[in-house]
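Note sheet for the following structure.
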Amino acid sequence: MNLKEIKDMIVLMNENNLTELEVEKDGFKVRLKKSVKGVEEEVSGKVMPIPSKVVPQGVAQETLKVTTPIIEIKSPMVGTFYISPSPDAAPFVEVGQNIEPGQVICIIEAMKLMNEIKSEHKGIIKEILVENAEPVEFGQVLFIIEPS
């Protein structure tokens with residue numbers, strides 16, 4: 001049994017409003033039980049890798065992607081986003097730059113007050129999602145960083 005088959009079982013459960021499904025195939029037993037929060041999986045039996053010879057041609061084998069954790073830095077207020085202290089100054093941060101907790105990463109102007117926004121995390125800037133001098137909303141994601 002492969003990951004695609006298990007995913008198909010979950011879709012089957014959702015489409016038919018099933019709360020429980022149990023399937024046994026080649027000594028591999030999967031029991032899916034829907035709870036209030038979602039689907040719980042209980043797997044028992046021998047788990048053995050499926051040799052590539054057993055997988056029919058034209059059937060793609062599922063691969064798991066390892067994702068790196070990210071942190072979103074959000075705007076703490078409504079205002080205008082500035083990436084540098086003045087129009088002709090260098091930006092506070094750039095993509096690929098390491099940042100430290102307490103480091104100023106941008107300014108948000110609100111009601112004629114310039115509010116320095118400081119990082120609470122250590123990491124690498126992966127994306128800057130707002131253009132300079134662009135209005136921002138409370139809770140809007142400004143930066144994505146990869147913690148280090």
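Does at least one position in the stretch 86-95 carry a residue that is at pLDDT 90 or above, surrounded by fewer than 10 Cβ atoms within 10 Å (Cβ to Cβ) and among the charged types (D, E, K, R)?
yes
Looking only at the stretch 121-148, which residues are over 20 Å from Gly79 (Cβ atoms), crowded, with 19+ Cβ neighbours inside 10 Å and touching a Ser or Thr at 6+ places or on another chain (Cβ under 8 Å)?
Gly123, Ile145 - these are the residues of the stretch 121-148 that are over 20 Å from Gly79 (Cβ atoms), crowded, with 19+ Cβ neighbours inside 10 Å and touching a Ser or Thr at 6+ places or on another chain (Cβ under 8 Å).
I need the full set of residues from the stretch 68-105 which are without any contact (Cβ under 8 Å) to a residue 24 or more places away in the chain, among the hydrophobic types (A, V, I, L, M, F, W, C) and farther than 12 Å from Glu116 by Cα, in order please.
Those that are without any contact (Cβ under 8 Å) to a residue 24 or more places away in the chain, among the hydrophobic types (A, V, I, L, M, F, W, C) and farther than 12 Å from Glu116 by Cα: Ala89, Ala90.
Residues of the stretch 102-120 being modelled with pLDDT of 95 or more, farther than 15 Å from Ser75 by Cβ and not polar (S, T, N, Q), which ones?
Gly102
Could you check Ser44 against (1) modelled with pLDDT under 50; (2) assigned to a loop (DSSP other than H, G, I, E, B) and say which number it fails?
So Ser44 meets the others, but not (2).
Somewhere in the stretch 124-143, is a residue of a type in the set (Lys, Arg), modelled with pLDDT of 95 or more and not assigned by TED's automatic domain parsing to the domain that holds Lys7?
Yes, the conditions are met somewhere in the stretch 124-143.
Ser75 versus (1) in contact with a Leu (Cβ under 8 Å, 6 or more places away or on another chain); (2) modelled with pLDDT of 50 or more; (3) not assigned by TED's automatic domain parsing to the domain that holds Val141: which is the lone unmet condition?
Against the list (1) in contact with a Leu (Cβ under 8 Å, 6 or more places away or on another chain); (2) modelled with pLDDT of 50 or more; (3) not assigned by TED's automatic domain parsing to the domain that holds Val141, Ser75 comes up short only on (3).
The values are calculated or read from the model by the stated rules, or taken from the named source; none is laboratory data. Because the structure is predicted, anything quoted here is derived from the model rather than measured. Cβ sites come from the backbone with ideal geometry, for glycine too, and all protein chains shown count toward neighbours.
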